[in-house]
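The values are calculated or read from the model by the stated rules, or taken from the named source; none is laboratory data. This structure is a prediction, so every number in the text was calculated from the model and none was measured. Cβ sites come from the backbone with ideal geometry, for glycine too, and all protein chains shown count toward neighbours. Note: accessible area is taken over every heavy atom of the protein model, side chains too, but ligands, DNA and RNA are not part of it. Shrake-Rupley method; radii C 1.70, N 1.55, O 1.52, S 1.80 Å.
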Amino acid sequence: MSTHNYYGDNVNMHGGTGNVGMIKNQVSAAPASPELEAAVGELLALLREVRPRIPAASAQALDESLPALTADSTAPAQERHRALLAVAGIAATIGAVGQPVLEAVNRVLALVGP
């Protein structure tokens with residue numbers, strides 16, 4: 001017995017004429033909770049404040065992480081988690097200025113779960 005998992009569109013045509021139709025295996029993400037939206041909004045505001053104060057390499061890493069951090073991001077959970085950890089690492093290296101960012105990251109992590 002074999003199991004087939006299809007992610008994305010799947011089209012199978014086995015002979016015949018005039019075949020129409022497509023099986024759509026797209027899953028839309030559930031809308032973000034208001035708490036998550038607020039926590040992400042706070043995190044993004046804090047990141048805008050600290051970005052000018054961090055080294056260029058850290059700013060670039062931060063910029064690369066931002067697309068996965070929006071509340072309505074379609075990024076996979078693993079990518080979002082990685083981005084949050086990258087931001088937390090940057091925040092930890094900049095001392096007291098980064099402490100509010102680190103706390104905001106922890107709030108978002110608590111809301112998105114493992």
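A few remarks follow.
- Scan of the range 53-69 for residues that are over 22 Å from residue 99 (Cβ atoms) and open to solvent by less than 50 Å² (accessible area, probe 1.4 Å), ordered by number: 68
- Scoring residue 44 on the criteria (1) more than 24 Å from residue 93 (Cβ to Cβ); (2) assigned to a helix (DSSP H, G or I) leaves a single failure, condition (1).
- Scanning the range 82-95 for residues that are surrounded by fewer than 17 Cβ atoms within 10 Å (Cβ to Cβ) and in contact (Cβ under 8 Å) with a residue 24 or more places away in the chain yields 93, 94.
- Considered as a group, the residues in the range 45-78 that are acidic (Asp, Glu) and modelled with pLDDT of 90 or more include one that is farthest from the chain's Cα centre (by Cα), and that residue is 49.
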